[in-house]
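All remarks here apply to the structure that follows.
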Amino acid sequence: MPSRVEFREDRCKGCLLCIEACPTGIIQQSNRFNQKGYKVVEITPEMMAECKGCAFCAMICPDYVINVFKTASEKGGAA
Amino acid sequence: MSQPNRIFIKGNEAIARGALAAGAKCFFGYPITPQNDIPEFMSQAMFDAGGQFVQAESEVAAANMLLGAAACGIRSLTTSSSPGISLKQEAISYMAGCEVPGVIVNVSRGGPGLGDIGPSQADYFQAVKGGGHGDYKLLVLAPGTVQEAYDLTIKAFDLAFKYRNPVMLLADAIIGQMQEPVVPWTPENRDPHEGQDWGLVGAKNRAPRLIKSLFLDDGALAGQNQKLQAKYEAMKAEIDQELFLTEDAELIIVAFGSIGRIVKSTIRKLRSQGKKVGLVRPITLFPFPADVLLRLAKEGKRFLTIEHNMGQMVEDVRLSIRMVADSDFYAQLPGTLPTPDDFEQPILKALEG
Amino acid sequence: MTQEIRVTNYPQVLTDRPTHYCPGCHHGTAHRLVAEALTDLGLVDNTILVGSIGCSVFIYNYLSLDAIESPHGRAPAVATGIKRARPDKIVFTYQGDGDLASIGMAEIMHCANRGENVTTIFVNNTVYGMTGGQMAPTTLVGQKTTTCPGGRCKERAGMAIRMTEIIASLGGVAYAERVAVNNIKNIKKAQKAVRKAFDYQVQGLGFSFVEVLATCPTNWRMTPQAANTRIETEMIPYFPLGVYKDVKAQEDK
């Protein structure tokens, strides 16, 4: 079941706690800085395919940066 | 004239009954002499009136409970005496900064420190000049009789809510412990929606309300202070004083609260001897009746300020009349119980002066 | 045909405003737990927030609730006044360890002991954050702060105070639990604890208290990850997690 993670980069403070919380290890620090000067995190398009949609990253993030979406077939639905 | 509903009570009880008549719903206090009659009375009476009574863990906590309750737009009060009032200054400053209408009663006693448990007016500065930190003012009311203690307690609530500002009733051990006849009354036509347009009730179908005194944004605190000063200026509409035989007086005695009332007896005696003495008894200590004093000064009258302290209100008297006159001062020492005779010689001396 | 479903669901009461907290600070997480609990229980428009002094003084910027600021340490007294004036409202304090366990020790103890039907969320990060990292009542022995640069000395400054244990010993307390938000497992437990605390208030059971062990990476001079690890290795051994009082569980026994 493919999932997708969105980062509100302008809100990210680069604490990197999501990297540790991700059980599949797909989040990494990017080379981009946001307006506040923090180096933001990212999931590359290739790695995104590995996302299980557990939303642990969003749960650990103290800054409400992360939104997680699951794409489900109409029959199966998302858990 | 017989008044069937007249009751004979102590000033402390008059304050308690006045608060109930004003519709107070929360009382927070801590034991301290000479005001213990108030919390003792309230411990049952508040519940009978459908309200709440909390004997707080400290004066500090009692004053902060008042901050919380009054921030809900509910008529609430705390009462104490001098050392306890010192401890309440933190919350009083916050109430002023947050514009929360708490009523604080000080049945004052002698100081500094533990002082004594007898009467004193040495908390004048603390009451009218701030007491806590920051630029703020309380509306300060000073009763001279037990009936006035009742009446002014009711007025304290009205003014607190009118201006959204803490109000202090500054009594002393004489007023608190003295028994006198009182005609109780209950104000009519109170606004049933009082406090509902700003008090904390939960943000249902509207933006949240925030009661705070922290203003960090550039210029915000300056704006808040300007707003407060404008309010203190508007409070001048509430100035109140008793004038007694001032018209033809050569010498004006300025005295407040219990001393104002005792001096009145001295003045009556001296008048019977043909001495032209009058009295100005400020009832609002802040705002201070400066204009009345200035008018009398311009009429050429001389002044003697008498206080039960080492000289506090006399500074406001002098400020009021400074362009045209000065005031002598007589200190009734804290730790002594004044009688009308005590003031005869000081007044005669000032008359000669 | 496929459909995209949003897994994350931030409560509306959490305002859409970036917080002023440092990177990795747990205040944001603790705020979210409160927001979730109030939302789940349907309490948002009936709740009054009592803020305190410290980094979280601006909590009213992040939770869209009727709110009041209290003087340092006095939040439980202010909350008492509010609850007595408006007994039908949900009232909670949000306090740090300097505020609650030092200058406000009397107020929290007596509020709890009277069994005021209010909730306290106590964020313990073992340091005065806003003022720049001074020693707190909860600073661990040996921990370096700006006022104990050589580490907290037991002989001179005593030991860290364990608040949940003290609160649990008081008669008026319905619920007291210590949680942490340093990992997913602990966050899930913390979610339940905060929700339970508010639920107990709704039920009128008395005072409810949740201590949240939190990081202060800035004043601990650590990365957020190292700070999260410190929760596990240093804080939890001294401040054990768990339920210290639950009147309903006691009834069931």
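The condition of being within 12 Å of another protein chain (Cβ to nearest Cβ) and of a type in the set (Val, Ile, Thr) holds for only one of B:Ile85, B:Ile92, that being B:Ile92. Residues that are crowded, with 23+ Cβ neighbours inside 10 Å, within 7 Å of another protein chain (Cβ to nearest Cβ), touching a residue at least 24 places away in the same chain (Cβ under 8 Å) and assigned to a strand (DSSP E or B) are absent from the range C:57-65 altogether. On the stretch given as the range B:61-82, residues that are more than 7 Å from chain C (Cβ to nearest Cβ), under 21 Å from C:Gly104 (Cβ atoms) and in a helix (DSSP H, G or I) total 3.
Within the range B:1-53, the set of residues being acidic (Asp, Glu) and surrounded by 14 or more Cβ atoms within 10 Å (Cβ to Cβ) comprises B:Glu13, B:Asp37, B:Glu40. In the range C:211-220 there is at least one residue matching the filter, namely being more than 17 Å from C:Cys22 (Cα to Cα) and modelled with pLDDT of 95 or more. Picking from residues in the range A:1-11 that are more than 11 Å from the chain's Cα centre (by Cα) and either buried (at least 17 other Cβ atoms within 10 Å of the Cβ) or within 16 Å of A:Asp63 (Cα to Cα) (or both), the one that is farthest from the other protein chains (Cβ to nearest Cβ) is A:Asp10.
In the condition set (1) touching a helix residue (DSSP H, G or I) at 6+ places or on another chain (Cβ under 6 Å); (2) under 24 Å from C:Thr131 (Cα atoms); (3) among the hydroxyl-bearing types (Ser, Thr, Tyr), C:Thr218 is compliant with all but (1). Here C:Ile184 fulfils each of the conditions (1) closer than 30 Å to A:Ile19 by Cβ; (2) more than 11 Å from every other protein chain (Cβ to nearest Cβ); (3) of a type in the set (Val, Ile, Thr) apart from (2). Residues in the range B:162-207 that are in a loop (DSSP other than H, G, I, E, B), more than 14 Å from chain C (Cβ to nearest Cβ) and of a type in the set (A, V, I, L, M) were compared, and the one that is surrounded by the fewest Cβ atoms within 10 Å (Cβ to Cβ) is B:Val183. Only one of the numbered conditions (1) surrounded by fewer than 15 Cβ atoms within 10 Å (Cβ to Cβ); (2) assigned by TED's automatic domain parsing to the domain that holds B:Gly176 is not met by B:Arg322, and that is (2).
Within the range C:2-24, is there a residue that is part of a strand (DSSP E or B), at the interface with chain B (Cβ under 7 Å from one of its Cβ atoms) and without any contact (Cβ under 8 Å) to a residue 40 or more places away in the chain?
Looking through the range C:2-24, none of the residues is part of a strand (DSSP E or B), at the interface with chain B (Cβ under 7 Å from one of its Cβ atoms) and without any contact (Cβ under 8 Å) to a residue 40 or more places away in the chain.
Listed by position, the helices (runs of 4 or more DSSP H) contained in the range C:75-190 that have at least 1 residues being among the β-branched types (Val, Ile, Thr) and touching a residue at least 12 places away in the same chain (Cβ under 8 Å) are C:75-85, C:105-114, C:163-168.
Residue-by-condition table, conditions (1) within 30 Å of B:Pro166 (Cα to Cα); (2) free of Cβ contacts under 8 Å to residues at least 12 places away in the same chain:
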{"site": "B:Phe286", "(1), (2)": "yes, no"}
{"site": "B:Ala297", "(1), (2)": "no, no"}
{"site": "B:Asn309", "(1), (2)": "yes, no"}
{"site": "B:Glu315", "(1), (2)": "yes, yes"}
{"site": "B:Ser327", "(1), (2)": "no, no"}
{"site": "B:Ala331", "(1), (2)": "yes, no"}
{"site": "B:Leu337", "(1), (2)": "no, no"}
{"site": "B:Phe343", "(1), (2)": "no, no"}
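Only one of the numbered conditions (1) of a type in the set (Ser, Thr, Tyr); (2) more than 21 Å from B:Phe125 (Cβ to Cβ); (3) crowded, with 17+ Cβ neighbours inside 10 Å is violated by B:Ser258, and that is (2).
The values are calculated or read from the model by the stated rules, or taken from the named source; none is laboratory data. Small disclaimer: the values here were computed from a predicted structure and weren't measured. Note that each Cβ is placed from the backbone with ideal geometry, even for glycine, and that neighbours are counted across all protein chains shown.
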